[in-house]
Amino acid sequence: QVQLVESGGGLVQAGGSLRLSCAASGRLFSTYSMGWFRQAPGKGREFVARISGSGTSTYSADSVKGRFTISIENAKKTEYLQMNSLIPEDTAIYYCAAVRDSASTDNVAYDYWGQGTQVTVSS
């Protein structure tokens, strides 16, 4: 069983930065990829970024490229999402997730999910 716990959300002004963390516990194989998704009020869950278990491969949604950076620290079983130049449209609940043996950006493919952390960007 794998558990994921996000932290680092909060309220920030437009143009500001936040760093989200996702701590994993349990048996997480090196073949797992980690991802970040977000869900704004009244909208579906949207892919943000993903990283391979080794940390050597990353992919981000066009809407966040150049502003958000995903990284992983395997020794600590922790995934990060550094968010810079935040805009009000980034306001959402952010979820981390894990998927085994897949590079999918589709949320239905992911096996494990955190509880989410709220990010609010004021204009």
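Per-structure values
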{"read-out": "Residue list for the range 5-29, filter: over 26 Å from I87 (Cα atoms) and not polar (S, T, N, Q)", "value": "A24, G26, R27, L28, F29"}
{"read-out": "Considering residues of the range 42-57 that are surrounded by 15 or more Cβ atoms within 10 Å (Cβ to Cβ) and in a loop (DSSP other than H, G, I, E, B) only, the residue modelled with the highest pLDDT", "value": "S52"}
{"read-out": "Selection from the range 6-21 of residues that are in a strand (DSSP E or B), exposed (fewer than 15 other Cβ atoms within 10 Å of the Cβ) and of a type in the set (S, T, N, Q)", "value": "S7, Q13"}
{"read-out": "Every pair of residues 6+ apart whose Cβ atoms lie under 8 Å, when the first sits in the range 58-74 and is modelled with pLDDT under 95 while the second is open to solvent by less than 40 Å² (accessible area, probe 1.4 Å) and of a type in the set (F, W, Y)", "value": "I72/Y80; E73/Y80"}
{"read-out": "T78 β-branched (V, I, T) and surrounded by fewer than 16 Cβ atoms within 10 Å (Cβ to Cβ)", "value": "no"}
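Residue-by-condition table, conditions (1) surrounded by fewer than 20 Cβ atoms within 10 Å (Cβ to Cβ); (2) in contact with a helix residue (DSSP H, G or I) (Cβ under 8 Å, 6 or more places away or on another chain); (3) part of a helix (DSSP H, G or I):
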| site | (1), (2), (3) |
| --- | --- |
| A23 | yes, yes, no |
| F29 | yes, no, no |
| D62 | yes, no, no |
| I72 | no, no, no |
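The values are calculated or read from the model by the stated rules, or taken from the named source; none is laboratory data. Keep in mind that this is a model prediction, so the values were computed, not measured. Cβ atoms come from the backbone with ideal geometry, glycine included; neighbour counts cover every protein chain shown. Each accessible area value is taken on the protein alone, full model and side chains, heavy atoms only, with ligands, DNA and RNA left out. Shrake-Rupley method; radii C 1.70, N 1.55, O 1.52, S 1.80 Å.
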